[in-house]
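**Student:** Next up is a structure, given as structure tokens.
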Amino acid sequence: MKPVASAPTDLAAAIRGGGSGNRSLRYIAAGLLALVVGGGVWFGVHRIRKARRSEPAFNTEVLQRGDIRLAITATGNLAPTTEVTVGGELSGTTLEVYVDFNDRVSKGTPLAKLDTSKLAQHTEISRAAVRSAQARVAQAEATAKESAAALVRDRQLSQAGLVSPADLEVTVAGAGRAEADLLSAKATVGEADAQVRINEFDLSKAIIQSPIDGIVLIRSIEPGQTVAASFTAPQLFVIAEKLERMKLKVTIAEADIGRVAPGQASTFTVDAWPDRTYTARVAKVSYGSAVTDNVVTYLAELEVGNEDLSLRPGMTATADIRVAERTNVLRVSTAALRFAPTDTNTTPAVAKKSFVQSLIPMPTRRSSRPPEVDAGDRSAGSHVWVLRDGKPESIAVRLGLSDGRQTEVSGEGLVEGQLVILRANTPIP
């Protein structure tokens, strides 16, 4: 007789050995698993079908009034309203520089000074030339007086027969030469005086001054630097007029230029302040065009307020120019204008689906069949479909302004608050 304790070991060995009892347990477990999976799939499909059956036949929106704005987008750069490049008319060594970039200056404010030692010497020489010319004038005046007195005396003697006609003619010629010398000396004085004024004017130009009220954007000169003014004046400073008012220069494509006109409102953003929107107004629209990469564009200038000085010259801006606007009008989604039911009296037909298709929601197909409307509606051209008593009904409409997402509509039969059909929902049987 075998010991009782060995029974469990024999049972485990029998299960591992793949006896008939073990196979039956496996079959039962597989069957239960299949039932659970099948039940879960059936329950899920049932829930999906129930949810789809509860959906309305059409997806609609409420017809409401609102505003529609049409804008075009353009890019450009900010610039001061007036920007002046200050150069030097004289050549020389820079002695002092009084301002730096970002400094505010007024008209006439000294910006820099050139060394004027050599120019001052030339000015003194010209002043000495004036004095010398004035001395020659005094000498010529004395000679002219002497010649005039001699002429008077010889004429009296000639009347008395004491001076021959030939001697009188010599005296007359001498008096004429004396008058000519006086005129020449006076002209020399004027020439020398003009040269003095030229040198003094150059001395004044040695101090470079600001021509406008504004702010220094660029400083290109340092003390000790040589300024060479030959045919063109070198750029020493760039001064912008008050930056509280600026302009935005943008390029407009030729397809949009016909809609842009002075006075239109605009908004723009810059990369430096991405969360901030600035306002502007169109000031000028250029008639001249530019061709870049075979694209024709036109330049437009926008007036910009910059009271807080957050905008700086050269910043790149993206502007939206409002070229058209309609307020308090009936508007519908553009999708409503494309809707066309297959049957105006019933809900869309239900197509047969496979088991897999019934599990996976499929997009609704738009019908290629045009809406059935009467001749009068066809002449109108555009329609929207509204729900009346649960059935779609066509209404002829006239289209107005559209921004791509919403379109202005008008027509008889349109009432604010109506349900406008956007698309049809395909139910599951």
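**Student:** Give the long-range amide H neighbours of L401: residues separated by 5 or more places, or on another chain, with amide H under 5 Å away, using H modelled in the peptide plane at 1.01 Å from N.
**Tutor:** Result for L401 returns E408.
**Student:** What is the fewest-to-most order of M246, M315 by other Cβ atoms lying within 10 Å of their Cβ? If you can, show how the numbers build up before the last one.
**Tutor:** Details: M246 23, M315 18.
If I rank by nearby Cβ atoms, fewest first, I get M315, M246.
**Student:** Give the order of V41, V86, V238, V285 when sorted by the count of other beta carbons within 10 angstrom, beginning with the fewest.
**Tutor:** Ascending number of Cβ neighbours within 10 Å: V41, V285, V238, V86.
**Student:** I've got another one for you. To the nearest 20 debye, what charge dipole does the stretch 125-275 have about its Cα centre, counting +1 at the Cβ of each Lys and Arg and -1 at the Cβ of each Asp and Glu? Don't skip to the answer; put the middle values down first.
**Tutor:** On the way: 16 positive and 19 negative charges, 50 e Å.
Here the size comes out at about 240 debye.
**Student:** Moving on. Taking the Cα centre of the stretch 116-205 as origin, sum charge times position over the Cβ atoms of Lys and Arg (+1) and Asp and Glu (-1), and report the length of that vector in debye to the nearest 20.
**Tutor:** Using only the charged Cβ atoms, the result is roughly 260 debye.
**Student:** Which log10 I(q)/I(0) values does the stretch 125-195 give at q = 0.14, 0.20, 0.27 Å⁻¹ under the Debye formula, counting every alpha carbon as one identical point scatterer?
**Tutor:** -0.51, -0.74, -1.03
Every number in this text was worked out from the coordinates using simple rules, so none of it is lab data. Please read these numbers as outputs of a predicted model, since none were measured by experiment. Glycine gets a Cβ as well: all are built from the backbone with ideal geometry, and neighbour counts include every protein chain shown.
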